[in-house]
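One structure is given below, encoded as structure tokens.
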Amino acid sequence: MIGFLKGKVFSVTDNMLLLDVNGVGYEVVISAGTAEELPPVGEDTIIYTHLSVREDGMTLYGFPTRDDLAIFRMLITVSGIGPKGAQMILSVLSPDDLRFAILAGDAKAISQAPGIGKKTAERVILDLRDKISQDAAFESAFGGDEKAGNKVSAAANNARDEAVEALEALGYSASDAYRAVKMVTVTEDMDANDILKAALKQMAR
């Protein structure tokens, strides 16, 4: 199993990365979103990989983070979702957005992916909802604050949760509510009402 590759970007298209690893070129299937995150040609990068073995050959699928790889591997456990389908879903939804779409039962968001119909999206929700907790989803989504050195208190996190619930009460889907709250820079002096107002402004843009 190849866990990751580290090398120089040789060439990139919307769905393929050619990575030079010590003079050996690895073809790695990627999403358009991953292609946009890669550094310029000639620069070093790390890509996390999943090796798919089929009768007609082997394919490496690549992801910018371990989180993307983990959610990809969850998706391919769903009946009817192969590696290509999982990659398509992650081309339109980030791992965090996908988690909240699953928790919210938002099949419409998942079925935006090319080749993923409503029934398949509903199967994704049914099969994976019990494998994802809301607390873990929020922890992953807002983890960037602490990585950036901005430690957020439990009170601030509770205020975020309350703001999401308030948006849902106003008729927004849980996934849309989450995305709006995620875009708000939360400070210690903000309560749920402040976050709600800021999130509504985000939604109005």
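Tabulated results
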{"item": "Degrees, to the nearest 10: 95-104 long Cα axis against longest axis of the chain", "result": "50"}
{"item": "The chain: calculated mean residue ellipticity at 222 nm from DSSP helix runs of at least 4, using -39500 (n - 2.57)", "result": "-14000 deg cm²/dmol"}
{"item": "Cβ-based net charge around Tyr26, under 15 Å, with every Lys or Arg adding one and every Asp or Glu removing one", "result": "-1"}
{"item": "Rg [Å, one decimal], Dmax [Å, integer] - the chain, C-alpha atoms", "result": "18.7, 58"}
{"item": "Size-normalised alpha-carbon gyration radius of the stretch 66-132, reference 2.2 N^0.38 Å", "result": "0.92"}
{"item": "Sorted by Cβ density within 10 Å, fewest first, the residues Arg99, Arg123, Arg160", "result": "Arg123, Arg160, Arg99"}
{"item": "Shape of the stretch 1-43, Cα gyration tensor, a/c cut at 1.5", "result": "oblate"}
{"item": "Mean Cα-pair separation over length for the stretch 66-132, i.e. relative contact order, pairs under 8 Å, 6 or more apart, %", "result": "33"}
{"item": "Percentage relative contact order, the chain, counting C-alpha pairs under 8 Å, at least six apart", "result": "12"}
{"item": "J(HN,Hα) series, the stretch 83-93, from Karplus relation 6.51 cos²θ - 1.76 cosθ + 1.60, nearest Hz, glycine and proline x", "result": "x, 5, x, 4, 5, 5, 4, 6, 7, 10, 10"}
{"item": "Principal-axis tilt of helix 192-204 within the chain, Cα atoms, nearest 10 degrees", "result": "60"}
{"item": "In sequence order, calculated HN-Hα J values of the stretch 71-77 (Karplus, 6.51, -1.76, 1.60; Hz; x Gly/Pro)", "result": "5, 4, 5, 5, 4, 6, 7"}
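Here, each number is a calculation from the coordinates, and none is a lab measurement. All values reported here derive from a predicted model rather than from experimental measurement. No Cβ is skipped: glycine too gets one built from the backbone with ideal geometry, and neighbour counts run over all protein chains shown.
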